[in-house]
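S.K.: Have a look at the structure that comes next, please.
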Amino acid sequence: MRHIGRLAAAAAATALAVGCAAPTSIPAGRWAGQGTFVDYEAVTDGGPGSAVRQRVRDHRYETSLDIAKTQAFGREAWKLAILSKRGKLFNVTGEETKLTMLLVKMQLLPNGSMLLALVEPPKDKPKAAQTLPEATVGSATAIQTPRGLVLQIDYFGSDTKERGCFVDTIRFEAGRVAKAGTYVATAAVGSGRRLARVNWVEQLRPLVVAP
């Protein structure tokens, strides 16, 4: 009887643990590390078959990521701050990429994945009065895997066709962060076109783990 009792207690404990599994959530904390980018440019002089001028370079740089849990538009949200001291790029101004944004939880899917809206934090009172659809500039998904959370961010959202492509994939695993992304843009140059593409990969370690 005691043996049966122990089995029943173990089964109840297992069921309770499964029923109380923590929902998908983006980790909060601070991470820092290094990244490498590959910067590529191709310029054509005219139509199909015209000459193509190319240049490419790679470079290592320091980078950091800060995430804090918050509330926005009456919803669960996370504030992200990214600082990459990347140096110069062929077709991007400045020598740093500095992004501050809000990821607002929109929907929790049956298998635990989350849909999120990408919102620029308000800098003045008129913007603070915006509705969530008006403030949304992009989108993101958070997908839970057996090894950790994968956060995929589309910074341009519905403007991708007009502005190009700007995406990040951030993997949280065993306290560390692996980040990879792509930026692509095209522009008219006289009678030709310019293609700019930047790919990057980053490895970051925790500085402070949020409680």
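All of the numbers you see were taken from the coordinates with simple rules; none came from a lab. Predicted model, so just to flag it, every value in this text is computed and none were measured. Please note: Cβ atoms are built from the backbone with ideal geometry, for glycine as well, and neighbour counts cover all protein chains shown.
S.K.: For A77, what is the net charge nearby, where nearby means another residue's Cβ is under 10 Å from its Cβ and Lys, Arg count +1, Asp, Glu -1?
M.R.: Combined, the nearby Lys, Arg, Asp and Glu give +3.
S.K.: Straight-line reach only, C-alpha to C-alpha below 16 angstrom: list the aspartates and glutamates that K85 could link to, leaving out same-chain residues fewer than 8 apart.
M.R.: Excluding near neighbours in sequence, the set is D39, D58, E62, D66, E95, E96, E202.
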